[in-house]
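The values are calculated or read from the model by the stated rules, or taken from the named source; none is laboratory data. If you're wondering where the values come from, they're calculated on a predicted model, not measured in any experiment. Cβ sites come from the backbone with ideal geometry, for glycine too, and all protein chains shown count toward neighbours.
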Amino acid sequence: MTKIYIAGHRGMVGGAILRRLEARKANGVALDLITRTHAELDLTSQAAVRDFMQAEKPDVVILAAAKVGGIHANNTYPADFIYENLMIECNVIHQAFAAGVTRLLQLGSSCIYPKAVPQPMREDALLTGTLESTNEPYAVAKIAGIKLCESYNRQHGTDYRSVMPTNLYGPGDNFHPTNSHVLPALIRRFHEAAQSGAEVVTIWGSGTPMREFLHVDDMAEASLFVLDLPKEVYEANTQPMLSHINVGSGSDVSIAGLAGMVAETTGFRGRIAFDITKPDGTMRKLMDVGRLKAMGWQARIGLQEGIAGTYAWYREQESVRAT
């Protein structure tokens, strides 16, 4: 029986990973899946995490918990983003080690890479330049998580791995009107505009930045694929101080193109405008996923299909809220 603790199981990615592990368990794999809500376990509390790890003694830890948000949230709450994410990583990774956990998977973000980095972004671009200012505090925390894992591996011989996803979306996403990421924000805004008969939807920025998107179900599958890799295979495809693995779809789309896809999916027939007084952020963010592909995994859910499924999920949740 393998005991696995999934930190952040109520989040979009953690929830998708948990669903796949539950499916494995239902198919006869001997798993003991451990979860805690934020009310049950505050991951920013060193004492609380220590007591939990010592009591549960998991065999494997999946660290999918994080404070996340879009450009507006990162600009508005930079101290919250760097403090909470650093505390979560330090507490979970160190207390996992102290409890004897030898296998751990930490999820990061593509924002770890410099602003002016060659595209697509390779793993070895890490720490080669200045970060994008709008999310630097969050990015610094995620880089620290990678280095924590690498440092424990080097000093203590643990098997702590890191995966860096591109922009994620799908069921369980945050559709808050101001604090969400670009794709769920667009889905909500275009849905509401279509329902109200609005003539125009205005998007932040110029619409020209290019972004890559990965469905959360693909991310969950990729995470477990990397976690399950034999240690010798993982180490043969990484380096002790460059051990993280990019996870993405391998293709990107402009924000204007994305808005058009969402408008079509939601039935919006009005005009799309762009507010160039608002920041664009990094002009292009495309992951080089060659390392992961060489190990045998690639994304399977297309963007149009994924948007349609996510919108259907959003409508279902809207119906539930209305009852």
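Scanning region 98-140 for residues being in a loop (DSSP other than H, G, I, E, B), closer than 18 Å to residue 151 by Cβ and more than 15 Å from the chain's Cα centre (by Cα) gives a total of 6. Residue 265 fulfils the conditions (1) buried (at least 17 other Cβ atoms within 10 Å of the Cβ); (2) assigned to a loop (DSSP other than H, G, I, E, B); (3) not hydrophobic (A, V, I, L, M, F, W, C) except for a single criterion, (2).
Apart from one condition, residue 128 fits all of (1) at pLDDT 95 or above; (2) among the hydroxyl-bearing types (Ser, Thr, Tyr); (3) within 27 Å of residue 41 (Cβ to Cβ); the exception is (3).
Within region 230-254, can you find the residues that are among the hydrophobic types (A, V, I, L, M, F, W, C) and either over 16 Å from residue 106 (Cα atoms) or part of a loop (DSSP other than H, G, I, E, B) (or both)?
Going residue by residue through region 230-254, those that are among the hydrophobic types (A, V, I, L, M, F, W, C) are 233, 236, 241-242, 245, 247, 253.
Result: 233, 236, 241, 253.
Report, by residue number, each residue of region 156-213 that is β-branched (Val, Ile, Thr) and in contact with a helix residue (DSSP H, G or I) (Cβ under 6 Å, 6 or more places away or on another chain). Result: 158, 163, 166, 178, 187, 201, 203. Collect the residues in region 168-187 that are closer than 19 Å to residue 108 by Cβ and either surrounded by fewer than 21 Cβ atoms within 10 Å (Cβ to Cβ) or touching a Leu at 6+ places or on another chain (Cβ under 6 Å) (or both), keeping them in residue-number order. Once the filter is applied, which keeps residues that are closer than 19 Å to residue 108 by Cβ and either surrounded by fewer than 21 Cβ atoms within 10 Å (Cβ to Cβ) or touching a Leu at 6+ places or on another chain (Cβ under 6 Å) (or both), region 168-187 yields 168, 169, 172, 174. Residues in region 282-297 that are within 17 Å of residue 125 (Cβ to Cβ) and assigned to a loop (DSSP other than H, G, I, E, B): 282, 283, 286, 288, 289.
Residues that are assigned to a helix (DSSP H, G or I) and surrounded by 17 or more Cβ atoms within 10 Å (Cβ to Cβ) occur at least once in region 208-217.
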